[in-house]
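Notes follow the structure.
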Amino acid sequence: MKGRGVRVIKVDDVKSVTPDAPSKDHFVIVDAVDCCEQDKTDARPMEKKPSVAFDKLLQAVALGNTDEDVFTSIAGRLARMEHRITKTDDQAIIKASGGHFLKDLSRRLVEAVNPDRQEERARQQFGTDKPTEQQMAKAAAALLQEAAKPFQDPKLRELLIDIKKKNELTIDHVSQDQVIEAGFSAEALARAKAIVQSVHQDTQG
């Protein structure tokens, strides 16, 4: 079931079963029959700074901030944007970023803070199977700088902010719905009777 959960699905296919969902950006597995021996916990999300505005995060990276939580938060938001943007927006991002797709920008941020990728980079950079802490630090710094470089361009930052605003879904937690009418639907009742009669005729035939 975990394998099924991580499968990608087209936006149109998602909306065909869940009309109010803009895209598939997470999944939940309910172990109703106790198949797993491990505790059932929600996986740790990449979004570590949900209260910080997207433009503030981008600005922080542009100014040299290489904090892991900042990088993963930006990567998570870019990953969600990937399934909502148009081809025109994607091409604009490629042009503004110097040839990077949106998913590439997100992936590079995640890999930059990944210890395994940092160690791999250190082994390649210094030609050793067991890099020292100092070598690891230099390799990590290089990965972080490379991942952050596209975001130092204000044109790319402004483009990403505009695209996100255009495609994001606003959820209103303040306003309350008001009941306009309550009662049985005559139209729904008629449809139900028609279905029953149709089934009855089929079984009689």
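Quick look at the numbers
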| read-out | value |
| --- | --- |
| Filter pass, K155 being under 25 Å from A53 (Cβ atoms), at pLDDT below 95 and in a helix (DSSP H, G or I) | no |
| Per-region count, the stretch 158-189, residues surrounded by 10 or more Cβ atoms within 10 Å (Cβ to Cβ) and either outside any loop (DSSP other than H, G, I, E, B) or modelled with pLDDT of 80 or more (or both) | 11 |
| Count of residues meeting criterion [modelled with pLDDT of 90 or more, in a loop (DSSP other than H, G, I, E, B) and among the charged types (D, E, K, R)] in the stretch 47-73 | 1 |
| Candidate set from the stretch 1-46 (those that are among the small types (G, A, S) and in a helix (DSSP H, G or I)); member that is modelled with the highest pLDDT | S16 |
| Out of P150, P131, sole residue that is outside any helix (DSSP H, G or I) and surrounded by 10 or more Cβ atoms within 10 Å (Cβ to Cβ) | P131 |
| Some residue of the stretch 76-86 being farther than 25 Å from A140 by Cα, surrounded by 15 or more Cβ atoms within 10 Å (Cβ to Cβ), in contact (Cβ under 8 Å) with a residue 60 or more places away in the chain and more than 18 Å from the chain's Cα centre (by Cα) | no |
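The values are calculated or read from the model by the stated rules, or taken from the named source; none is laboratory data. The structure presented is a predicted model; accordingly, all values stated were derived computationally and were not measured. In this analysis, Cβ positions are derived from the backbone assuming ideal geometry, glycine residues included, and neighbour counts consider all displayed protein chains.
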